[in-house]
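Novice: There's a structure below that I have some questions on.
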Amino acid sequence: MKKLLKIKMNTKAELTSTEVVKIVFAALCIAILIYLAYNLYGLFIKKSDIAQAEASLENLYQKIGQVESGEKNNIVTIVESPKDWWVIAWPYGGGVEKPEACKKDYCVCICPYVFDVGEKEDSLEECNKKGVCRDVSKKITTGNSPLIIRQPISLNITLENNEILIKKIEK
C-alpha cells in the first residue's frame with residue numbers, strides 16, 4: 001500500500017516544441033495589441049486637438065466678424081485650446097505665402113506650434129498639415145509674432161487703420 005501512495009515526480013521541466021510555438025505566438029499577439037492600442041490613442045488625440053482648434057477658431061472668427069462689420073470697435077475673447085498651438089494671421093511676416101486652406105487674400109489660423117521657429121516656412125508647413133483656417137476680408141495681424149496657446153489666453157481684437165489687430169492681453 002505504501003508503494004501506491006508514493007508518487008515519483010520528475011524534477012526536470014521540459015518544453016515541447018508546440019508549447020514554445022504557443023508562447024511565441026502569444027507574445028506576438030500581445031505586442032500587436034499594444035501597437036494597435038498606441039495608434040488608436042494617437043488617432044483620438046490628434047482628432048481631439050483638431051476639433052478643439054476648430055471650436056476655438058469658430059469663436060475667434062465670430063468675434064473678428066463683429067469687429068470687421070463695425071458692430072463693435074474693440075472686443076475681448078478667450079482662446080483656451082488646444083495647448084501648444086498658436087493663433088497666426090496670414091500672410092505672415094510681410095510675405096505673400098499663406099496656407100492652402102486660405103482662399104482669399106487674408107486669413108486667420110490656429111496651427112500646431114513650431115518649437116524651432118527659425119523659418120516662417122515651418123509655420124506654413126504645419127498650418128498646411130494640421131491647421132484650421134478661416135478667410136477674412138480685411139488685412140489681419142497678430143502683431144510681431146503668432147500668439148502661443150499654452151494656457152487660456154485673453155485676446156483683444158480691434159480695427160485700426162482698416163486692419164484687424166489681434167493682441168494678447170498681458171496680465
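Novice: Which ones in the range 136-165 are in contact with a Lys or Arg (Cβ under 9 Å, 6 or more places away or on another chain) and of a type in the set (A, V, I, L, M)?
Specialist: Passing the criteria: 136, 147, 148, 149, 153, 155, 157, 159, 164.
Novice: Counting only residues that are polar (S, T, N, Q) and touching a helix residue (DSSP H, G or I) at 6+ places or on another chain (Cβ under 7 Å), which one in the range 129-171 is surrounded by the fewest Cβ atoms within 10 Å (Cβ to Cβ)?
Specialist: 137
Novice: Among (1) over 13 Å from residue 131 (Cα atoms); (2) of a type in the set (Asp, Glu); (3) open to solvent by 80 Å² or more (accessible area, probe 1.4 Å); (4) touching a residue at least 40 places away in the same chain (Cβ under 8 Å), which single condition is residue 105 missing?
Specialist: Evaluating residue 105 over (1) over 13 Å from residue 131 (Cα atoms); (2) of a type in the set (Asp, Glu); (3) open to solvent by 80 Å² or more (accessible area, probe 1.4 Å); (4) touching a residue at least 40 places away in the same chain (Cβ under 8 Å) leaves (4) as the failure.
Novice: Further question: Going by the conditions given, is residue 132 of a type outside the set (Gly, Ala, Ser) and within 15 Å of residue 166 (Cα to Cα)?
Specialist: So residue 132 does not fit the description; no.
Novice: Can I ask one more? Of all residues being open to solvent by less than 50 Å² (accessible area, probe 1.4 Å) and either more than 17 Å from residue 138 (Cα to Cα) or assigned to a strand (DSSP E or B) (or both) in the range 60-83, which is modelled with the lowest pLDDT? Just the residue, please.
Specialist: That would be 81.
Novice: Name the pairs whose Cβ atoms lie under 8 Å apart, with the first residue in the range 147-171 and at positive phi, the second open to solvent by 20 Å² or more (accessible area, probe 1.4 Å), and 6 or more positions between them or separate chains?
Specialist: 162/138; 162/139
The values are calculated or read from the model by the stated rules, or taken from the named source; none is laboratory data. Note that the structure is a prediction, hence the values are computed from the model and not measured. Note: ideal-geometry Cβ built from the backbone for every residue, glycine included; neighbour counts use all protein chains shown. Keep in mind that these areas ignore ligands, DNA and RNA; they rest on the heavy atoms of the full protein, side chains included. Shrake-Rupley method; radii C 1.70, N 1.55, O 1.52, S 1.80 Å.
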